[in-house]
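Bear in mind these aren't lab numbers, they're just calculated from the coordinates by the rules spelled out. If you're wondering where the values come from, they're calculated on a predicted model, not measured in any experiment. Glycine also receives a Cβ, built like all others from the backbone with ideal geometry; neighbour counts cover every protein chain displayed.
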Amino acid sequence: MKKTKYIFSFILLCLIGVNLIYGQAKITATCKYSKVPLNSAFQVTYTITGGTLSSFVKPSFKNFSVTGSYQSSGGGMTLYVNGKLVQGGDGEATYTYTLVPTTIGKYTIDAAKAKVNNEWIESETITIEVTNSGSTATASNNSKTTKNTTTTSNTEAADNDIFLKASIDKTNPYIGEQVIVTYKLYTRIPVAQYGIDKLPAFTGFWSQDLTKGNDKLVQYSETIGNAKYTVAEIRKVALFPQKSGVLKIEPLNVECIVQVTSKQKNNDPFADFFNDPFFGSSFFNTVSNVEKTLNSNALSINVKALPVSNQPAEFEGSVGKFTLSAEIDKTEAKTNDAIKLSYKITGTGNLYLIEKPDFEFPSDFETYDPDIKENISTTATGISGSKTFSYLLIPRSAGSFTIKPVNFVYFDLSTKNYVTLTSPEFNIKIEKGDNDENTTISSVDKKDIKYLNSDIRYIKTNNSSFTKIGSHFYGSLLFFIMLLLPIVLFTLFVIVYRKKMKENSNIAMVRNKKATGVARKRLKKAGLLLKENQKEPFLDEVFKALWGYVSDKLNIPISELTKDSVSEKFKEKNISEELSLEFLSTLNNCEYARFAPDGGSLTIEQIYNEAINIITKMEKELK
Amino acid sequence: MKKLFVIILLFISVFSFADDNTILLEKGNKAYNDKFYQEAINNYLNVIKNGLESPSLYYNLGNAYFKKEEYAAAILYFEKAKKLNPNDEDILYNLNVANSKIVDKIDELPEFFLLNWYNAFVSLFSFNTWAIIGIGLLVISLAFLTLYLFSKTLRIRKISFWVSIVLFMFTFLTFIFTQTQYTRFKTNKEAIIFAASVTVKSSPDEKSTDLFVVHEGLKVQITDTAGEWSEIKIANGSVGWIKTAVFKVI
């Protein structure tokens, strides 16, 4: 098509040199509409005919925004009569602007200026009324065209000459499965230009344009019915449904300019000159650019949900076919040496959605966020490639470390099942680096204990004992018993002890009082025995009287009575040494008289007197 | 041989007579260990249903509720455990952790420092423990008194006299602490808020002014009750009325 255009221009240029005199330069402003709704695009075309155009000044499109412009030359006609050139194609130049009104109101577009054959000419102005958006555009009834040729009705391209068709490669995919939508332009007429404003919003899909970057259009021929069409795949989009259910794909709108071969009636007076039966039909075929809006058909896709029953917990929505590879560049390193771990997922499917793996690195490793590299190719068949996550790990202390494997789960479309890929486990041995003395010095600083998590303490497994709810030791019967028991015991103890002591002291007193009496009685008895001259019982009685007296008087138990204990007691009671000795010698004499066969040095009368004497003295002393 | 058999049989029968409630508690502990927290809670609650309590039981129950992230219930049972055993480190620690999970953070009203010390000292033991300490002191002081009364050595008599006097004073003080703790236990009604968010009103009336909002897990003091409303006091001294249904008494 371009080629023909070039040839055409070449011819035109040759003809310009001829520069026919009857050609009158003209500039025409054309607009199909007089009323345009807000924000809807329309086109204004300036056509310059009848001369060599050297410059063109476009009007200032105030209150409009220019969204597109194109210019073309050619379209003029060349006429040969009897082998002689009668009319040269004057080189029709057209400037077309696509305008979008920005505010409501009635506006006049200024005249465009053109320098044709070294003369400035001006077009007429165009008045456009901009209405509320939503209203329909009204065709201009007073067309501003002053074109000297009027096009006949068949300049409009027929619908079956050119149409747009959308197709999908599958209608019943799974969530996340790739669906390719192809927009094909079928045409039987040349297309000068086409433009896609924007792709429809693919709601419910994650989309990727596959034609982006591919300059070459796929073109081929296809015969539908009897007609042969040229087919161009103008747009191909890979869609990944994000939810289940019926999803609609909105139609695509394409604005295109087609070249329509139309029959033209020349109103030019010069043409009339030739317009006589001699020439037969005065119709000449000419090509004109016609603007056309094409809509594709709407599509609907029924998306299936992925099976839930056997879905692993680690599944994150990856659908397709993938392989996993994970590598580590060294398994033995020194502290502070960088270690690189790369984790790579390769395959076809929704690669874009793959999230970074959740590796658990040892806490002694300094880690950074991974460097993510996507090597994804968008070909006409869909999306494939790889996604690599590169981790940089810096071990800060020596030891053996393990990086646990991570799982990657995807839904395999060919087997309709979930596949779990597992990365290998890495064992890394870190030795202490030689050249990191600075860090070893700093690492001498004791580290604080790292608290990984805080949690409550564990339950108590040893139960002391249960108590009844609402019953307390304090105030209970047991409490009062325990409180009073020591007091009662103490009191009892004191009372009993006191009583006993009192009793004991009474006995001593009685004995003390009776001591003299008892001794007298014994001595009296001894006196009687003396008279009867019974030596043995007499001495016995005197002996008992002396011991008994001391025992009662000094409160010494009979069992403890010895000469030593008696002399000690005498000392305690402050009895003079003389008396003590006297008493003891009397005792000795008495004993001696009892056991000595000769009766001793003293007579029994003397012993009797001595005993009476000592008891009397004692009586005095102890008072 | 026969004798031995009889003895063994006797032992087995003694152990099989072990308290049903102890079995329930052990079942609960096992369930907790296996992370079946609801089962653990059910076992622990059955012991309480049987009318029994112990600090360990309340503590374990609080732990199980904490693991289920029911923090208000966890705080309630930790507080109950604390009431029975006020100076157990584990109970205090877990109560602190549970309190860090709740929404409200209230600055406590500062008290006169001497009063604070006194309160802290008295709160060191529950009234039951204080009572036991008191009885122990009484026995020791009586022993010294006996020594004073019956010793024949003057020095021992002198020392034991003064020791017994001092010990009697301590005994007396201890019983004052016991009574203080007991009065607090009986009259100081504290409760934990169980509703997610409660607007505290100025009077026991739905239409009265909104004063402030408290959230789940906060400990409040119940100072008065009128119908289905209760007057509460929070740690910073603010007072207001809430419905009795939104809290549980410790």
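See the values below:
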{"quantity": "Cβ neighbours within 10 Å from other chains - mean over A:467-479", "calculated": "5"}
{"quantity": "Residue-span extension gain [A:ILE469 to A:LYS404] - 0.36 nm each, minus C-alpha spacing", "calculated": "18.3 nm"}
{"quantity": "Among A:LEU306, A:GLY320, A:ALA333 the positive-end extreme of the charge dipole of region A:305-345 (Cβ point charges)", "calculated": "A:GLY320"}
{"quantity": "Largest-first ellipsoid semi-axes for region A:386-437, taking √(5λ) over the Cα gyration tensor eigenvalues, angstrom", "calculated": "36, 12, 6"}
{"quantity": "Convex hull volume per residue for region A:493-623, taking Cα atoms only, in Å³", "calculated": "114"}
{"quantity": "Dipole magnitude of region A:530-623 about its Cα centre (Cβ charges: Lys, Arg +1; Asp, Glu -1), debye to nearest 20", "calculated": "240"}
{"quantity": "At R0 = 45 Å, FRET efficiency that the Cβ-Cβ distance of B:GLN221 and A:LEU477 yields, to 0.05", "calculated": "0.90"}
{"quantity": "Within region A:520-591, trypsin sites (Lys or Arg not before Pro) in DSSP loop having at most 15 other beta-carbon neighbours inside 10 Å", "calculated": "A:LYS573"}
{"quantity": "Estimated FRET transfer efficiency (A:LYS248, A:LEU306; beta-carbon r; R0 30 Å; 0.05)", "calculated": "0.90"}
{"quantity": "A:VAL419 versus A:ARG520: modelled label distance in nm, points set 7 Å from Cα along the beta carbon direction", "calculated": "13.6"}
{"quantity": "Distance (nanometres) between label positions extended 7 Å along Cα→Cβ at B:GLN38 and B:VAL239", "calculated": "4.3"}
{"quantity": "In range of the label at A:ASP364: residues from region A:325-341 whose backbone nitrogen is under 14 Å from the point 7 Å along Cα→Cβ", "calculated": "A:332-337"}
{"quantity": "Hull volume in cubic angstrom per residue (convex hull over the Cα atoms of chain B)", "calculated": "200"}
{"quantity": "Approximate spin-label separation A:THR203-A:ALA41, in nm, with each point projected 7 Å along Cα-to-Cβ", "calculated": "2.3"}
{"quantity": "Computed helical MRE - 222 nm, chain B, DSSP H runs ≥ 4 contributing -39500 (n - 2.57), nearest 500", "calculated": "-19500 deg cm²/dmol"}
{"quantity": "Gained length - A:LYS334 relative to A:GLU503, 0.36 nm times residue gap less alpha-carbon distance", "calculated": "51.2 nm"}
{"quantity": "Of every Cα-Cα pair in region B:189-249, the percent that sits beyond 13 Å", "calculated": "54"}
{"quantity": "Scaled radius of gyration (Cα, divided by 2.2 N^0.38 Å) that region A:302-402 gives", "calculated": "1.34"}
{"quantity": "Shielding by partners - mean other protein chain Cβ count within 10 Å, residues of B:139-145", "calculated": "3"}
{"quantity": "Under 11 Å from the A:ILE394 label point (7 Å along Cα→beta-carbon), backbone N, region A:366-380", "calculated": "A:366-368"}
{"quantity": "Per-pair calculated FRET efficiency, R0 = 25 Å: B:ASN50 and B:ASN96 via Cβ, rounded to 0.05", "calculated": "0.25"}
{"quantity": "For region A:171-178, Karplus couplings with θ = phi - 60° (6.51, -1.76, 1.60), whole Hz, Gly/Pro x", "calculated": "10, 9, x, 7, 4, x, 7, 6"}
{"quantity": "Cross-link table B:LYS49/B:LYS233; A:LYS460/B:LYS105; A:LYS184/A:LYS321; B:LYS49/B:LYS186, entries beyond 23 Å C-alpha to C-alpha", "calculated": "B:LYS49/B:LYS233; A:LYS460/B:LYS105; A:LYS184/A:LYS321"}
{"quantity": "Extension reserve of the A:TYR352-A:ASN609 stretch, reckoned as 0.36 nm per residue once the Cα distance is removed", "calculated": "78.4 nm"}
{"quantity": "Peptide ranges B:143-149, A:359-365 listed from the most packed, as the mean C-beta count within 10 angstrom indicates", "calculated": "B:143-149, A:359-365"}
{"quantity": "Averaged over A:480-488, number of beta-carbon atoms from partner chains that fall within 10 Å", "calculated": "3"}
{"quantity": "Intensity falloff of region B:113-187 expressed as log10 I(q)/I(0), Debye formula with alpha-carbon point scatterers, at q = 0.14, 0.18, 0.24 Å⁻¹", "calculated": "-0.53, -0.71, -0.96"}
